[in-house]
1. Please identify the helices of the chain, taking whole runs of DSSP H, that span at least 15 Å along their own axis as judged from the Cα atoms and have a mean Kyte-Doolittle score of -0.5 or higher.
2. Using the structure shown, list the pairs from 16/156; 63/117; 121/156 with a Cα-Cα distance above 21 Å, or answer none.
3. For the chain, which whole percent of the accessible surface, found with a 1.4 angstrom probe, sits on carbon and sulfur atoms?
4. Taking every eigenvalue of the Cα gyration tensor of the stretch 70-174, multiplying by 5 and rooting it, what semi-axes result, largest first, whole Å?
5. Can you work out the accessible area per residue across the chain, with the rest of the protein chains kept in place, probe 1.4 Å, in square angstrom?
6. Need one number: nm distance between label points at residue 152 and residue 64, each 7 Å from Cα along Cα→Cβ, rounded to one decimal.
7. What nm value, rounded to one decimal, do you get for the distance between residue 173 and residue 138 when each label is placed 7 Å out toward the C-beta?
Amino acid sequence: MKNNNIILMGFMGVGKGSLARELAKKTKRIAIDTDDLIESMENRKIKKIFEQEGEAYFREREKKISRWLKKSVSDTIISIGGGFYQVGNLQKIGHVIYLESSFDAILDRISSFDNAKSKLKKRPLLQDMKKAKNLISERHPKYLECADTVIQTAGKDSATIAEEIIQLLKLADK
Ligand code: S3P
């Protein structure tokens with residue numbers, strides 16, 4: 001496995017971050033998130049970056065992060081933003097797992113949280129539900145193209161999905 005990294009890819013709200021933390025705990029690896037890295041690099045929230053600089057600027061930041069991941073990161077669980085696949089060559093960074101779910105199942109998941117409103121508010125591309133629904137259908141074939149492994153996530157909690165990945169990739173503790 002290239003660099004021994006595991007990349008968790010999928011649409012906004014599918015649960016990449018929670019799964020990354022669950023996998024990190026279970027396999028004693030480190031988990032990082034590309035949105036967190038961009039927020040640290042910029043010292044401002046994603047929402048602010050979109051408002052102040054626009055989406056194209058944000059995508060450039062993602063490209064910078066992807067170059068750094070490729071060069072400098074190994075043995076790590078990496079959760080990526082929903083549009084990060086556009087940096088290209090994801091498989092050069094690690095083993096890409098597509099967490100597949102329907103739009104309705106994603107909305108159900110988000111609304112199950114006490115802080116559902118803030119989970120929606122912090123995501124600029126999740127403000128208009130009609131546009132978001134189109135975006136997931138547009139991206140689904142692209143996610144499939146980038147993926148080494150596809151996992152269905154609807155109705156499963158992160159502990160269950162983590163176990164599935166550990167079995168599938170035969171991940172031993174680090
Ligand atoms: C985006 C997804 C977000 C974040 C940004 C853009 C996208 O990350 O990177 O708001 O284009 O799908 P999450 O998938 O973690 O919500």
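The values are calculated or read from the model by the stated rules, or taken from the named source; none is laboratory data. Predicted model, so just to flag it, every value in this text is computed and none were measured. Every residue, glycine as well, gets a Cβ built from its backbone with ideal geometry; the counts of neighbours run over all protein chains shown. Each accessible area value is taken on the protein alone, full model and side chains, heavy atoms only, with ligands, DNA and RNA left out. Shrake-Rupley method; radii C 1.70, N 1.55, O 1.52, S 1.80 Å.
1. Passing helices, by number: 158-169.
2. 63/117; 121/156
3. On the way: 4520 of 9290 Å².
That share works out to 49 percent.
4. 25, 18, 14
5. On the way: 9290 Å² over 174 residues.
Heavy-atom accessible area per residue stands at 53 Å².
6. For the pair residue 152/residue 64, the computed spacing is 4.1 nm.
7. Here the modelled spin labels are 4.6 nm apart.
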